[in-house]
Every structure is written in C-alpha cells, then in structure tokens.
Amino acid sequence: MTKITKVHARQVLDSRGNPTVEVDITTEKGFGRAIVPSGASTGAHEAVELRDGDNTKYLGKGVLNAVKNINEIIAPKVIGLDSNEQEKIDRLMIDLDGTENKSTLGANAILAVSIASARATANENNIMLYRHLNPKANLIPMPMMNVINGGAHADSGLEIQEFMIMPASAETFSEALRMGAEVFHHLKAILKESKHSVSVGDEGGFAPKLQSNEEALEYLIKAITRAKYRPWDDIKIALDVAANEFYSDGKYHIKIDGKKEQLHSGDLTSYYDMLIRKYPIVSIEDPMAEDDWNGFKKLMEKTEGSIQIVGDDLFVTNTKRIRQGITDEVANAVLIKLNQIGTITETLEAIKLAHSVDWNCIISHRSGETEDTTIADFAVATNAGQIKTGSLSRTDRIAKYNQLLRIEEQLGKNAIFAGEGK
Ligand code: PGA
Ligand code: ZN
C-alpha cells in the first residue's frame, strides 16, 4: 500500500512556448512528476484540452483552470488512495469529470494525474516506468523519425505534415537511432547545398520551402543514399499526411506537379498509389480527413494490406471509434496518443482492442512536447513495436530517444528490437 499524500499541479511551458499542465504526486515513500503534451493538428473528436481563454494572458492559452481543477477538485479525492491502483484512480477522475470528452476537468488535468501516479509507484519501487507498467516488457519500438516537417508544424508550404524515416534493417534500437541521425545530417548538408533553409519545424525536422511533396521524398532518398544506406532495404519511409488540414468543402486541396488541385478521395487514393509504387513508403497516417471513412476504405481496398494505414485524427485513441474502424475495415493501425483520450487506463484499452484484431499500434508524441519521456516507457511497456517521436534534433524529441537507449541498456541481452534486421 503506497498512499498518495500530496498532489500539486502547476502551469509550465511546452516546446512551442505555450502553457501546459505539470503535476507532482507524493506518496508515503515515492514521488512522481508528469507534464502533458499538446497538439496543433488536433482531431475534432479528441478529449478536451482545457484552456483558460483569457486573451490577456498567453493569448488565451493558459491552463490555470486545469491546474486549479487538479489542486482543488482531483487532489482531495485521490489523496489517501493507493498510487498503484491506476484503474481506480483513472475511473474516479472520469466519474468526477462526468462528461464523454472530459470537458469539465480537462483531459490535460486528468492525464497529468494519471501519469504522475504511475510514476510515483515506479519511483517508490525503485524501477523504471516501463517495468512498473509491464514487468515482462522487452520489445524496443522501431522509431518513425520525422525529418521533414510540413502542414501545421512548419511554414514549408508542404501539405503532407510529416516525412519520416524508419531504419528497418537496424538490429538494435541504438543502431536505428544512429542510422536516423546520420541521414538527418546528410539531409541537412544536401538541403544547404541546394540553398534551402535548414531551420526546423515544431518536431525538429527541416522545413524547406519545396515545390511539392514529391520533392521532399526525393530529398529523403538522396539523404538515405548519401548516408550509404539503401532505400527500401535499409531505410523505409512513413508519412503522416494529416489530411484534415487541407480538406474543405468535401475536397482535398493539394499541390501536385506544381499545380493546386482539388481532389476527391478517389483521386487522392490514386495519388498515394503512385507514391507508394515510386518510393519506399510503408506507412501512411491520416491519408484522409477525420470523418472521411469512405476515403480511408478506398485506400485500404486499393493497397490491399501492402502498407500500414494509420488512423490518428480518425480514431483519436478512442475505443468507440476504433471499434467502428475495425467493423468498417478503414485502417490497419492506430496512432496512440495518451492525451487524445486522457487516462492511462483508457489508452491501454485502446491498444488492447487494436491488438485483439492484430492491428498495429504506434505510440506517439504531440507536436507540442516537453522534457517528459513517458511515451518512451509506454511504447516498450505496451509491446507496441513502433514509436513516433520526432526528428533527430531538439531535446523535447531527443529526450524520448535517449530514454529508449537507457531502457535498451537496462534490458541488455533480453532486449528485442522491432526491426527486420534480426
Ligand atoms: P499534433 O500532430 O500533435 O500537432 O496533432 C501529430 C500528429 O498529427 O501525429
Ligand atoms: Zn497524425
């Protein structure tokens, strides 16, 4: 029994300079701290991130009400509970909130407490978080590294939000990280040679003003090759299109061959089909808008399981939407973001549901991140096999990779890396 003795929340800043919630939980013998992340291309069906809306402070983005909800409403209820009773704590907060989308207390308030209590228990038992969440965990995830940023995360003008590399042939996580970093540095050199900007977007990837999405893919191939790796065999590509961001009036507004097009989902499917044939693309996230279930289904039918189709804004880590997606066969993988749903318990339920039908899960950061490394441990603990946590620059992204290095080291020869190189 490890009783919670103190809960204290405060407002801190995230990697974009926006306020977010941090909470400290003290137990009889332990201490846990968590900071929640925040998205930019957020799905309409996500749990509510409570913001103050006071335009005189932080442009309305303060989270003092969420902080107050923790200190004044949640804290008195969880003090005295066993921090190890994750589900009980999470359900209590869900009930206290009383809404479907956590709009009373805020998913940012609830998630911070959920994670901090897990951390306090791990700390009390003197073990790393992944071990506390799953003592048998030993699968280190394949990283999807976002080296070119577009969409809402940069002013590059690229419609596709994330161009990611996956070092498939790596035998260990540390080797995958090294391969990714090498490609990142070669990409920087190549962009510089072509007189492009090498400043970075929100997730630490480059944000050059290129003519088209295809040009970005060409740069990736050049960088992979110059780093002496083979596209397809050694390094594969994953995209997060975040198609919501360029969808309006029932059409997708995207530049193709330098021309602004307005496409229906069928034409967009053909465009993806062309890209998949031409480039080593093995995964596409949110290829269609968040409620375009038919569009997703078309792409699933066209690709026939040859690539991973990932629902992020489509599913928002919500079992109701995932269940619908399974019935309708609109994807074969789920992007998992703890703050889309708001508790560890519900996130684990979403993963369990996806895994029950052999769908893949990718544990993901948000574009607004912090020094909190929970998702690294969480990815290992859930046997997810894939993690999406940004580029090879900026500490808010690298902190998660560094945590995976520590986990890999601690697991030693028991570590299994989710690559193809074994
Ligand atoms: P977001 O982007 O955190 O800005 O929502 C990440 C993603 O779309 O996967
Ligand atoms: Zn996404």
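The values are calculated or read from the model by the stated rules, or taken from the named source; none is laboratory data. A quick note: this is a predicted structure, and the numbers were derived from the prediction, not measured. Methodologically, a virtual Cβ is constructed for each residue, glycine included, from the backbone with ideal geometry; neighbour enumeration extends over all protein chains shown. Just so you know, the surface numbers come from the protein's heavy atoms only, side chains and all, with ligands and any DNA or RNA stripped out. Shrake-Rupley method; radii C 1.70, N 1.55, O 1.52, S 1.80 Å.
How far is it, in nm, from the label point at SER199 to the one at LYS136 when both lie 7 Å from their Cα along the line to the Cβ?
5.1
For the range 363-422 and the range 234-293, what is the centre-to-centre distance using only Cα atoms, to the nearest Å?
Taking the Cα centre of each part, the range 363-422 and the range 234-293 sit 27 Å apart.
Skip the ligands, DNA and RNA, and give the accessible area per residue of the range 307-411 with a 1.4 Å probe, whole Å².
29
Using only Cα atoms, find the angle between the long axis of helix 213-226 and the longest principal axis of the chain, and express it within 0 to 90 degrees, rounded to the nearest 10.
Helix 213-226 sits roughly 90 degrees off the main axis of the chain.
With all distinct Cα pairs included, what does the Kirkwood hydrodynamic radius of the chain come out to in Å, to one decimal, could you say?
Value: 21.7 Å, from the Cα pair sum.
Using the beta-carbon distance between ILE79 and MET1 and R0 = 22 Å, what value does 1/(1 + (r/R0)^6) give for FRET efficiency, to the nearest 0.05?
So the FRET efficiency works out to roughly 0.95.
What is the packing order of peptides 316-325, 145-154, taking the mean over residues of other C-beta atoms within 10 Å and listing the highest first?
So the peptides 316-325, 145-154, ranked by packing, come out 145-154, 316-325.
For the range 7-67, what % of the accessible area comes from carbon and sulfur atoms, probe 1.4 Å?
Roughly 51 percent of what the probe reaches on the range 7-67 is carbon or sulfur.
Taking 0.36 nm per intervening residue step and subtracting the Cα-Cα distance, what contour gain separates ASN126 from ASP267 on full extension?
45.3 nm
Helix 319-328 versus the longest principal axis of the chain: what is the Cα-based angle in degrees, 0 to 90, to the nearest 10?
Tilt relative to the chain: about 30 degrees.
Extending each Cα 7 Å along its Cβ direction at ASN414 and THR225, get the distance between those two points in nm, one decimal.
In this crude label model, ASN414 to THR225 measures out at 4.4 nm.
Calculate the radius of gyration of the Cα atoms of the range 4-126 to one decimal place, then report Dmax, the largest Cα-Cα distance, as a whole number, both in Å.
According to the Cα coordinates of the range 4-126, Rg and Dmax are 14.1, 44 Å.
Write down the percent of antiparallel bridges among all DSSP beta bridges whose residues are both part of the chain, to the nearest 5.
Taking every DSSP beta bridge within the chain, about 60 percent pair in antiparallel fashion.
How do 19-29, 295-305 rank on mean C-beta neighbours within 10 Å, highest first?
Descending mean neighbour count gives 19-29, 295-305.
Helix 173-193 versus the longest principal axis of the chain: what is the Cα-based angle in degrees, 0 to 90, to the nearest 10?
50
For the chain, what is the mean residue ellipticity at 222 nm derived from helices alone (per DSSP H run of n ≥ 4: -39500 (n - 2.57); sum divided by total residues; nearest 500 deg cm²/dmol)?
Using -39500 (n - 2.57) per qualifying helix, the result is -11000 deg cm²/dmol.
Under a straight-distance cross-link criterion of Cα-Cα below 29 Å, which lysines are reachable from LYS102, leaving out those fewer than 8 residues away in the same chain?
LYS3, LYS6, LYS57, LYS61, LYS68, LYS77, LYS88, LYS320, LYS337, LYS352, LYS388, LYS400
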